[in-house]
Amino acid sequence: VQLVESGGGSVQAGGSLRLSCAASGSGFNFNEMGWYRQAPGKQRELVATFLSGGSTNYADSVKDRFTISRDNTKNTVYLQMNNLKPEDTAVYYCRSPGTGLLVYWGQGTQVTVSS
């Protein structure tokens, strides 16, 4: 399984970015893929994820600013991030459950928001 993120970068506060995560291989669960982030000195935290049944879950800090979406034909999950804030600065990771207790992670993409 490979999860390849792209779309990170540096923006000013109030700006937007769209992250992409392309999944390949077998054994990943496309229906429950999501995005996490880790800021320096902090634990990795949930940003947004799809849940079984098609619903979504967002961290309170990003609700109404970030939107998770997906393209089933491309096995790609997106994270549209609007009205970015300096506290959104982190490495963003794509995650997919696998079979049993397996979890797959992408390599991460850096998002830096300056004030």
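The numbers here are math on the coordinates, done by the rules we state, and not lab data. Remember, predicted model here, so these are calculated numbers, not experimental data. Here the Cβ is made from the backbone with ideal geometry for all residues, glycine too, and neighbour counts use every protein chain on show.
Quick look at the numbers
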item	result
Sequence-distant residues sharing a close amide H with Thr89 (under 5 Å, placed H)	Val113
Residue (of Asn83, Thr73, Thr99) at the positive-pole extreme of the range 65-115, dipole from beta-carbon charges	Thr73
Residues whose placed amide H lies under 5 Å from that of Arg70, excluding near-sequence neighbours	Tyr78
R0 of 22 Å, Cβ-Cβ distance Leu51-Ser26: FRET efficiency to nearest 0.05	0.50
Cα gyration tensor, the chain - rounded (a/c under 1.5), prolate or oblate	prolate
Charge dipole magnitude, Cβ of K and R +1, D and E -1 - the range 19-102, Cα centre, debye nearest 20	100
